[in-house]
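Presented below is the structure to which this report refers.
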Amino acid sequence: MDLTEEERRWAMAIKETLTNECAELAATTTDFEYAHHAIIAKEKVHKAIRRIKRLHKFRQDNGIPLALDELDAHTGMKAIRKFEKSATACSWHLAQNATRAVMMENFSYYLETRAAHLCQDAYPIRISSLIVLHAPTVFTVMYALIKPFLTQKVRNALQLTGTTQQVHEQFSKELISISLGGTHDTSDAQQAMFQGLQKRYANMATFKL
């Protein structure tokens, strides 16, 4: 990962602040993770700290190891499969590309609440668009209730009345799964995910600010 000098300063500030506030949590957070949080939160150090703490709690609540020497791609895949089993009503179509197209059919309240918490409050990622296909009435009702509590960025990204045509208008066929009329074969998604985890954990172990 290549950081600008400014991003490196932000990452160091986040690391120093967390070390002063909670040395135990800082000890389980890698320089690679500090860099990710810096890229997303920028100079907003305390926003990054809140995300780190919420992500830490999510890991604790879901039995995900905290220490780097306990993490590997097999452990990561085990956690993902456990997550999938608890949300079997939902099927995901992931496009493995620098630009990700994610389409969701059906709805799982469990998965949606967990994903919303991670994306909005914990995980250092940016989502430009989230298209929900075939959303049931219960989803639209629930969304209307929670919408006032979501950030403007999340509301702008979430497209609740998504259609397959809309997906094809926004993404190329190479990013859309075959089941939705695209050309992307998701049969090897788990293998691609495993390889991605291997690369991530290798970076976490070696990257230094």
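Remarks
- Label-point separation, SER179 to GLU43 (7 Å along Cα→Cβ), nm: 4.6 nm
- Separation of the alpha carbons by more than 25 angstrom is noted, of LYS82/LYS173; LYS78/LYS199; LYS153/LYS208, for LYS82/LYS173; LYS153/LYS208.
- Using the Cβ-Cβ distance between SER129 and ASP188 with R0 set to 25 Å, the FRET efficiency works out to roughly 0.55.
- With θ taken as phi - 60° and the Karplus curve 6.51 cos²θ - 1.76 cosθ + 1.60 applied, the whole-hertz 3J(HN,Hα) list for segment 151-157 is 6, 4, 4, 5, 4, 5, 6 Hz, x standing for glycine and proline.
- Mean separation of Cα contacts under 8 Å, 6 or more apart, over the residue count of segment 134-209: relative contact order %: 16 percent
- Net lengthening on full extension, THR137/LYS82 (0.36 nm per residue, minus Cα-Cα): 17.1 nm
- When you restrict to C-alpha pairs under 8 Å that are six or more residues apart and normalise by the size of segment 5-68, the relative contact order lands at 36 percent.
Only the coordinates and a few stated rules stand behind these numbers; no lab work does. Just so you know, these numbers come straight off a predicted model, no measurement behind them. When we count neighbours, we look across all protein chains shown, and the Cβ atoms used for this are built from the backbone with ideal geometry, even at glycine.
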